[in-house]
Amino acid sequence: MRKTGKSGVEEQAKKQEHLGLKEFAREALWETVIFSGLAYAQEALEAERSAICGERYARLTDREAMRSGHVASSLTLGGRRVKIRRPRVRGAEGEVSLPSWQEWSSRDPLGQRAVEQMVVGVSTRRYQRSLEPLPHSVQVHGVSKSAVSARFVVGTANKLAALMKRKLSGLKLLAVMIDGVHFAEHMVLAAVGIDLGGNKHVLGLREGATENAAACKELLADLAERGLPTERALLFIIDGAKGLRKAITDTFGTRALIQRCREHKKRNVAEALPERMRAQARSTMSQAYATADPKRACQLLENLARSLEREYPGAAASLREGLDETLTIMRLDLAESLTRVLSSTNLIENLFSRVRDMARRVRRWQGGGMILRWTAAGVLEAERNFRKIAGYRDLAKLDAALRAHDATLDNRKQAA
């Protein structure tokens, strides 16, 4: 039973006193660590100055540099900058850099820290509150909303630049997924590759107004320039945009095997039907795709199109458009788990859900550059947690099918 009366009050008071002592000890230890670290930095810099200039007041005939007082500077500490008085040294040709200071100042983790905080959901206004508090006597700066925002811009710009310079020639890619997501008036196309080992790789991003052929072609041209092979067969999983399909065939020709996203196809057909018929249509399409027999699946889907044609010709036309390409993966006779992954662009949609979650506080997108920077930060953060795709052990079978496709094309070319 819960204690009441005087004994209960005394026990509660003891608990509060114990917690207070623990908090006091923690703060005291933290302050000791901070002040010891700053004192060490100051002593290390003074020792280096003495090694260069000699001991203070020493009479040296071969002195090459001399003390030049101190200057107000700052060092990075725990996600902000703290003020420190830096000793200066001057030589015949001007100021001499102290080795430790040169090393410390060449590394600036603040940009990375700002990006990481934004990625995990900390706003620029709350950035300072997310940091471990420092003793009041330590002067800090670089934690204002504008300072954090500026570092985030620089940090995400660096991430975007690094992503767009990745070399792809060393990847044994078998499949490439491409899909686009709208942000305000802008469209961001993303390409994700799957290699022979089942690993996923973010290949590139491209911003445009729509998924038109020009934007898609620019994305593919950039991937090819960075090493994506165009001379061998690849499986492309796309959402069905005509501009994207045209860009792929223009770039890769008959080497490209195109798989239309089945989820997009179901969605497009359902949206062309009244609410009462959508569930049934989706169920029929799912049953057709589950047959694992391309001929049987094609027959079931065509039956559905005929049943819709009279009253809902738009839905029937949507179903028939690119229908054959929704069955491409089925003809490769892969394991069910791998077929499920490679029959839709859900992987990219899940990737963009991470970006949307990270950017949920953004009220106004200030142009395509900002959108690309945020997208790069989001997809690279998600990439850190990538796992192998389901059914990856069957990817050798996909590789064999792609090489057989190459051989068939080569034989036709020779015969011609």
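How many residues does region 172-187 hold that are surrounded by fewer than 24 Cβ atoms within 10 Å (Cβ to Cβ) and under 28 Å from residue 366 (Cα atoms)?
Total satisfying the criteria: 7.
From (1) surrounded by 15 or more Cβ atoms within 10 Å (Cβ to Cβ); (2) free of Cβ contacts under 8 Å to residues at least 60 places away in the same chain; (3) outside the structural domain of residue 382 (by TED's automatic domain parsing), pick out the condition that doesn't hold for residue 251.
Against the list (1) surrounded by 15 or more Cβ atoms within 10 Å (Cβ to Cβ); (2) free of Cβ contacts under 8 Å to residues at least 60 places away in the same chain; (3) outside the structural domain of residue 382 (by TED's automatic domain parsing), residue 251 comes up short only on (3).
May I ask you to list pairs of residues, at least six apart or on different chains, whose Cβ atoms are under 6 Å apart, with the first in region 364-390 being more than 13 Å from residue 199 (Cα to Cα) and the second being modelled with pLDDT under 85 and assigned to a loop (DSSP other than H, G, I, E, B)?
Going by the 6 Å Cβ cut-off, the qualifying pairs are 365/184; 371/365; 374/359.
Take the residues in region 358-374 that are in a helix (DSSP H, G or I) and not small (Gly, Ala, Ser); name whichever of them is nearest to residue 328 (Cα to Cα).
Among those residues, the one meeting the criterion is 372.
Could you say whether any residue in region 342-357 is outside any helix (DSSP H, G or I) and either surrounded by fewer than 20 Cβ atoms within 10 Å (Cβ to Cβ) or touching a Gly at 6+ places or on another chain (Cβ under 8 Å) (or both)?
Within region 342-357, none of the residues are outside any helix (DSSP H, G or I) and either surrounded by fewer than 20 Cβ atoms within 10 Å (Cβ to Cβ) or touching a Gly at 6+ places or on another chain (Cβ under 8 Å) (or both).
The values are calculated or read from the model by the stated rules, or taken from the named source; none is laboratory data. Everything quoted here is computed from the prediction, not taken from an experiment. Glycine gets a Cβ as well: all are built from the backbone with ideal geometry, and neighbour counts include every protein chain shown.
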